[in-house]
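The values are calculated or read from the model by the stated rules, or taken from the named source; none is laboratory data. Computed from a predicted model, the values in this text were never measured in an experiment. Cβ placement follows ideal geometry from the backbone for every residue including glycine, while neighbour counts extend to all protein chains displayed. For the accessible areas, the whole protein counts, side chains as well, though only heavy atoms, and no ligand, DNA or RNA atoms are used. Shrake-Rupley method; radii C 1.70, N 1.55, O 1.52, S 1.80 Å.
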Amino acid sequence: MASQSKQITVPQFAALKASGEKISMLTAYDATMAALLDTTGIEGILVGDSLGMVVQGRANTLPVTLGEMIYHGRMVARAVRHALVVVDMPFGSFHCGQNKAIAAGAKVLKRTGCGAVKLEGGVEQAGTIAALVSAGIPVMAHCGLRPQNVLQLGGYQVQRDTEQLMADAESAQQAGAFAIVLECIPEEIACRITETLQIPTIGIGAGVGCDGQILVVNDMIGLTPGRPPRHVRKFADVRTTIGDAVTEYRDAVRQGTFPGAEQTFQ
Ligand code: KIV
């Protein structure tokens, strides 16, 4: 495992593939959660635009603004000492020309203190990825299911077009991305991409053959209400734990047993 005392750099993160070490990433949106995740030694923390749904309660990620990403990115980057912090470029922030994308990416790096940005796109964003990278902005690409395309897709389906997926992944690498998220694609295609690329693949719903994995933290700790998507494993049931604690607190307040002597000043 990489040293816990030093923050992982972009080249170190990319080199984990060559060393054969599996990469663990999770999302975080605030300092408390980010600091907790960071103590476990995971290699990457993503401030995902999934915050639009997870934190803001919106139907999808499209309304999330650059300012909101910076607000959350700053909180996370401030709390993290070890993991590489990556901040998502929200919908609309990198689609209006390469200069505007560079300005947006630079703003994210300058104002959050994160180590890299992530953007959804493959072949059609290769020019923008290359422009960001040549401006000194490290880019993690995101191919396969792209939640920012939900209106065009009409939902969050598994993406199965092998030729397109291969072309997207190869274009992202060629453009200079240091890693690539593969979301909701068949395991076989993810394995082929992983074998073909020199940069690490980080899977979410892409099978165990990827170089690393990422999940939305609220999903994997069981904080998200309802049935999680198929690619999620619930490693804890925090929703029940919090519900039970709050119910116990409410009863203690009603019964006059909280605060007790230990919580009371004389
Ligand atoms: O926004 C996000 O959280 C993401 C991950 C799920 C990969 O893009």
*Mind listing whichever residues of segment 129-157 are surrounded by fewer than 23 Cβ atoms within 10 Å (Cβ to Cβ), among the β-branched types (Val, Ile, Thr) and either in contact (Cβ under 8 Å) with a residue 60 or more places away in the chain or assigned to a helix (DSSP H, G or I) (or both)?*
VAL133, VAL150
_Here are the criteria: (1) within 16 Å of the ligand (Cβ to nearest atom); (2) open to solvent by less than 70 Å² (accessible area, probe 1.4 Å). Tell me which single one ASP251 does not satisfy._
(1)
_Output for segment 164-181, where each listed residue is open to solvent by less than 30 Å² (accessible area, probe 1.4 Å) and either touching a Gly at 6+ places or on another chain (Cβ under 9 Å) or assigned to a helix (DSSP H, G or I) (or both)_ = LEU165, MET166, ASP168, ALA169, SER171, ALA172, ALA175, ALA179, ILE180, VAL181
_Sole exception among (1) open to solvent by 20 Å² or more (accessible area, probe 1.4 Å); (2) at positive phi for ARG233, by number_ = (2)
*asked:* I'd like to know if segment 78-87 contains one or more residues that are in contact with a Lys or Arg (Cβ under 8 Å, 6 or more places away or on another chain), open to solvent by 30 Å² or more (accessible area, probe 1.4 Å) and more than 17 Å from VAL10 (Cα to Cα).
replied: no
*Residues of segment 61-103 classified as within 13 Å of the ligand (Cβ to nearest atom) and part of a helix (DSSP H, G or I), total*: 5
_Matching residues, segment 10-56, being in a loop (DSSP other than H, G, I, E, B) and more than 15 Å from the ligand (Cβ to nearest atom)_ = LEU16, LYS17, ALA18, SER19, GLY20, GLU21, LYS22, THR39, THR40, GLY41
*Determine whether ALA59 is exposed (fewer than 13 other Cβ atoms within 10 Å of the Cβ) and at pLDDT 95 or above.*
yes
_Looking at segment 182-189, can you tell me whether even one residue there is within 15 Å of CYS210 (Cα to Cα), more than 16 Å from the ligand (Cβ to nearest atom) and in a loop (DSSP other than H, G, I, E, B)?_
yes
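For segment 231-255, name all the residues that are in contact with a Gly (Cβ under 7 Å, 6 or more places away or on another chain) and not β-branched (Val, Ile, Thr). Walk me through it before giving the result.
Applying the first criterion (in contact with a Gly (Cβ under 7 Å, 6 or more places away or on another chain)) to segment 231-255 yields 231, 234, 236-239.
Answer for segment 231-255, where residues must be in contact with a Gly (Cβ under 7 Å, 6 or more places away or on another chain) and not β-branched (Val, Ile, Thr): HIS231, LYS234, ALA236, ASP237, ARG239.
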*Starting from segment 45-68, take each residue that is polar (S, T, N, Q) and list its partners that are away from the ligand (no atom under 11 Å from the Cβ) and outside any loop (DSSP other than H, G, I, E, B), counting only C-beta distances under 7 angstrom and pairs at least six apart or across chains.*
ASN60/VAL150
*asked:* Which pairs turn up if I take residues in segment 216-238 that are under 20 Å from ALA59 (Cβ atoms) and look for partners that are among the hydroxyl-bearing types (Ser, Thr, Tyr) and assigned to a loop (DSSP other than H, G, I, E, B) with beta carbon separation below 8 Å, at least 6 apart in sequence or on another chain?
replied: VAL216/SER50; VAL216/THR224; ASN218/THR224; PRO229/TYR156
*Could you check THR201 against (1) over 21 Å from GLY52 (Cβ atoms); (2) open to solvent by 30 Å² or more (accessible area, probe 1.4 Å) and say which number it fails?*
(2)
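Out of VAL208, VAL216, which single residue is crowded, with 21+ Cβ neighbours inside 10 Å and under 28 Å from GLY41 (Cα atoms)? Before the answer, list the steps.
On the way: VAL208 fails: crowded, with 21+ Cβ neighbours inside 10 Å.
Within the list VAL208, VAL216, the selection yields VAL216.
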